[in-house]
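Notes follow the structure.
Nothing in this text is a laboratory measurement; each read-out follows from the coordinates by a stated rule. In this text, all values refer to a predicted model and were calculated from it rather than measured experimentally. Note that each Cβ is placed from the backbone with ideal geometry, even for glycine, and that neighbours are counted across all protein chains shown.
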Amino acid sequence: MSCPNLEVCPFINNSDERLKDDITKYKNRFCNANYEKCARFILGNSIGEVPDDLAPDEIKRAEKLMKK
């Protein structure tokens, strides 16, 4: 099952060509498989706000943001 936020995720839908390969990897690793482990998904469900530049694998950063 894919992430329910896939279509509206600003990080994944970033049009910056420099991030294209990274975004493909994130989609394969998180969006299309284990979205429950995505830092963006976790943070969004916890506090509702997610910085646009938070990468799916930045769980430590997400944890810090949850403590604020």
To the nearest 0.05, the calculated FRET efficiency linking Asn32 and Asp53 through their beta-carbon distance, R0 being 25 Å, is 0.70
Straight-line reach from Lys25: which aspartates and glutamates have a Cα under 18 Å away, not including same-chain ones fewer than 8 places off? Glu7, Asp16, Glu17, Glu36, Asp52, Asp53, Asp57, Glu58
Straight-line reach only, C-alpha to C-alpha below 21 angstrom: list the lysines that Lys64 could link to, leaving out same-chain residues fewer than 8 apart. Lys37
I need the calculated FRET efficiency for the pair Lys60 and Met1, taking r as the beta carbon distance and R₀ as 35 Å, to the nearest 0.05. 0.85
